[in-house]
Amino acid sequence: MSQFLQYLVNGLTIGAFLSLTALGYTMIYGIIRLINFAHGDIFMVGAFAGYTVLVAAAAAHVPVALIVMAALVAGMLFTGLLGVVVERVAYQPLLSAPRLAILISALGASLALEESARLIFGAGFSSYPHLLPTAGFGVAGVRLTYAQVGMFVMAVLLMVGLYLFVHRTMLGTAMRALAMDRDAARLMGINVERIILLTFFLGSVLAGAAGVMQGLYYTQINFIMGFLIGLRAFTAAVLGGIGNIPGAMVAGLLIGLLQSFAAAYVSARWTDALVFCVLILVLVVKPTGLFGERIVERV
Amino acid sequence: MPRVLGLVSERRAAAGWAVTLAVALAAPLVMGSYQLSIATSVLTFAMLGLGLNIVVGYAGLLDLGYAAFFAIGAYTSSLLSLEAGLGFWQTLPFAVVATAIGGCIIGYPTLRLRSDYLAIVTLGFGEIVRIIATNLTITGGPNGLYGIPAPGIAGVSITSIPGLYYLGLAFTVAALLLSWVLSRSWLGYAWRSLREDETAAEAVGVPTVRVKLLAYVMGAIVGGVAGPFFAARFGAVDPTSFTFLVSVQILLVVIVGGMGSLPGVLLGALVIIALPEALRAVADFRLLIFALALIALMVFRPQGLWPAPRPRGAPRGRPVPAAPLEAAAPATRGQPAAGEDLLTVAGVSRRFGGVRAVDDVSFTVRTGEIVSIIGPNGAGKTTLFNCITGVTKPDAGRVVLHGGRHGRRVLHRRAPHRVVAAGLARTFQGIRLFDGLSAADNVLVGRYCRRRRDGWRTSRGLTGGLVGVSGATHAEVRRWLGFVGLGDRGDSLARELSYGERRRLEIARALASEPFAVLLDEPAAGTNPTEKNELMGLIRQVRDSGVSVVLIEHDMDLVMSVSDRVIVMDQGQMIAEGTPEQVRGNQRVIDAYLGGEEETAAETVEEVLGWRS
């Protein structure tokens, strides 16, 4: 039983990172109907940005908590700006082009980010310094570290913040309006280009945060890590009903749990095959995702 | 004139292909073995690109896991030659069958998915296949299989680099020919209509589910040949050859060249495979440069390097002068005699959530009639059409079409394409043409369910005598274009036509299926008075040619002047039925439109509805 709970806790931790990343996929898809293939790599860049700060700061004698926060903020800001740059360069000129063109551009952006990271940091693994305290506590035979709890709380806070932003502010309302009908939103005086940039900024910030946390948690990062995480996060976005923000949060946790339990009870080698099988099954049985709204095509 | 132009460009294309083939044949004479093996890789990806082009380029279905078919072909062939001792050529049919089955497996569950979900499901499928190959013992796990014998011809095994190059060239030419024949076949037209508008394709008679599945199967089969070739060439396969990146590369071959374009695919293969090799001088930066070049290409030339030619009108004959009424009597076979029951709608209901969009509606249309359905917005008229034509399944009720080979046909619960085949065609409220196809091709797709009646013989000689579109079909297309007055617009793209022309083209597309009755959904919406008059004439001509007409319309002038009978709906229910005069005087109808409980002044009625009481 305690084993089971341990897997549950681990799954939720991984799931929190996936949720954060899935949000970017779902927001960007919601607003410009693009599967942003570069998003997983934004996550990877976030991990490397945090790594750079940590390595630089490790020499200085600064409290650990401060360094970690600095790495997190730096990672988030850097990826946020990077997301904006990618959107400006690779996507904005193609917003009204055929859908496939922008998709290919996204594949190009993904490859460009991976290659840049490889050229700068090398093809091997980079190791985060072991900064997080290993201290923790036990509940019902399950061991939790404070760092684990802290990161989970952080992820949840970010998600709640995003939800409030999208549903309670004027800019968030503009975003939702844009997702419904871009032309109508433009006619209502919404600066469409700027709102799209904002969406990319927010989505990338969340992915960057997830990247830094993943680095802190697992300590091993490399230039290709964004691919698999990206696939899983995208699966979560679809599972939650693409374009659906709370759906992506919940589905991210579900995929995390699935991953954790599959690795424990089946085999780590088959984990991703299982993730995709579940995805295909869900899509066949309920093509709009677990919480997606039915899109009725008007005839 | 278009005929001459068509022939010239066709000859030029043929010359281009001949030169390309000659260059490809001569290449080993001048190329070193390194270059030649790159060229063989280019050919492999050209084959894969041709296969994927069928799925993505022709049918417009996004596939991000195409490497799976490549893998299935390669592993099937390798396992059979290693475990069962079969020769390369003997394994080929098995590899093709295995990939075709793979095509069905991936195709079947995804048939009803939106294109974005299709992307992720195909991606997932590709990953699943790769993970299976990595983890099973029989596939050799991560190390893969090796020692696969080379292909042999007449007892001589082909191991030399030029020999393999020529084998690859032969396969590529075969894939090219297959693609070319398919693109000109009925299937090719059906795929393109699917790509343009799936709902409309189904509603004009294309069995979209089967046609989609065939796209996956045909596309997979080509990959199923490339796989064994790849395995036999290197004598080994391992899972790293079938990653997501390979699927992306194959997709790029199709996109960079230009979707649906055969020369484009070849050029794409050259660019995607040979360009990174050519960039070896900048060694480490080549993938980065390649990635940036890809973005630049999409930003500055999203249609690809060598896009498919603008589709020309299918019939290359003399343009037919506009609207030759007498010549256009349709061969509507076996319908009930004039005045007899043709279409019976009995107790049809459909609710959406708590709303009864259509509530127990019953009426009959007789042969040779024009029946109008009117009612305020939201009365359920279009939903009723959708229930009759199979686009929406009714919750209750029966729809029966009389006449035809079987005497009568029950239509409710049938797929839309079967309803068309039974003899009931329709148009849409918001015009739904295949915008990227020529006007003539739009009508041609409307002929899909009568293709067997037209026969397979083609007027264009060798153009795929087996699957090509017959001369009789082209004659039909010309006839219907002429009937609606578009005889000289066959070569124009549907999107280039004026609003009124588009309305008429949609009617021609519906009529091309030789229906007993045609259902027109607000044909006069947005037309000006001149166009409206022409439309009235056209509707009468359709009726006079023996096709009954059911009309949804808001324009009272038009309804009152052309209709034999009028059915009035309000809030899902039929509230009146009768001749225009009877309906005009019906108080419930006036109330439904003007919402008045109290006595409505005659002037208001006249002002709003244009009825003179």
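Remarks
- Selection status of residue B:235, at negative phi and in contact with a strand residue (DSSP E or B) (Cβ under 9 Å, 6 or more places away or on another chain): no
- Number of positions in region A:90-111 that are free of Cβ contacts under 8 Å to residues at least 12 places away in the same chain and at the interface with chain B (Cβ under 9 Å from one of its Cβ atoms): 8
Yes/no per residue for (1) farther than 19 Å from residue B:250 by Cβ; (2) outside any helix (DSSP H, G or I); (3) not aromatic (Phe, Trp, Tyr):
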position: B:101; (1), (2), (3): yes, no, yes
position: B:108; (1), (2), (3): yes, no, no
position: B:122; (1), (2), (3): no, no, yes
position: B:126; (1), (2), (3): no, no, yes
position: B:129; (1), (2), (3): no, no, yes
position: B:132; (1), (2), (3): yes, no, yes
position: B:162; (1), (2), (3): yes, no, yes
position: B:170; (1), (2), (3): yes, no, yes
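- Positions within region B:128-163 being more than 14 Å from chain A (Cβ to nearest Cβ), without any contact (Cβ under 8 Å) to a residue 24 or more places away in the chain and crowded, with 16+ Cβ neighbours inside 10 Å, in sequence order: B:158, B:163
- Close Cβ contacts (under 6 Å, 6 or more residues apart or on different chains) running from residues in region A:218-232 that are more than 12 Å from every other protein chain (Cβ to nearest Cβ) to residues that are surrounded by fewer than 23 Cβ atoms within 10 Å (Cβ to Cβ) and polar (S, T, N, Q) comprise A:219/A:127; A:221/A:126.
- Here the strands (runs of 3 or more DSSP E) wholly within region B:493-571 that include at least 3 residues being under 25 Å from residue B:474 (Cα atoms) and either free of Cβ contacts under 8 Å to residues at least 12 places away in the same chain or out of contact with any Pro (no Cβ under 9 Å at 6 or more places or on another chain) (or both) are B:517-521.
- Some residue of region B:256-270 being at positive phi and part of a helix (DSSP H, G or I): no
- Any hit, region A:118-129, residues being outside any helix (DSSP H, G or I) and surrounded by 18 or more Cβ atoms within 10 Å (Cβ to Cβ): yes
- Considering region B:51-82, the residues that are outside any helix (DSSP H, G or I) and among the small types (Gly, Ala, Ser) include one that is farthest from the chain's Cα centre (by Cα), namely B:65.
- Check on residue A:45, at pLDDT 95 or above and in contact with a Gly (Cβ under 9 Å, 6 or more places away or on another chain): yes
- Of the residues making up region B:377-388, those that are surrounded by 24 or more Cβ atoms within 10 Å (Cβ to Cβ) and either β-branched (Val, Ile, Thr) or touching a helix residue (DSSP H, G or I) at 6+ places or on another chain (Cβ under 7 Å) (or both) are B:383, B:388.
- Test for residue B:447: is it in contact (Cβ under 8 Å) with a residue 40 or more places away in the chain and basic (Lys, Arg): yes
- Across region B:79-109, the qualifying residues are those that are touching a residue at least 40 places away in the same chain (Cβ under 8 Å) and at the interface with another protein chain (Cβ under 10 Å from one of its Cβ atoms), and the one among them that is surrounded by the most Cβ atoms within 10 Å (Cβ to Cβ) is B:106.
- Tally, over region B:218-247, of residues that are surrounded by fewer than 21 Cβ atoms within 10 Å (Cβ to Cβ), touching a Gly at 6+ places or on another chain (Cβ under 7 Å) and either under 26 Å from residue B:87 (Cβ atoms) or charged (D, E, K, R) (or both): 3
- Lone unmet requirement of (1) within 11 Å of chain B (Cβ to nearest Cβ); (2) farther than 29 Å from residue A:116 by Cα; (3) of a type in the set (Phe, Trp, Tyr) for residue A:261: (1)
The values are calculated or read from the model by the stated rules, or taken from the named source; none is laboratory data. As the structure is a prediction and not an experimental result, all values here were calculated from the model. Backbone-built Cβ (ideal geometry, glycine too); neighbour counts: all protein chains shown.
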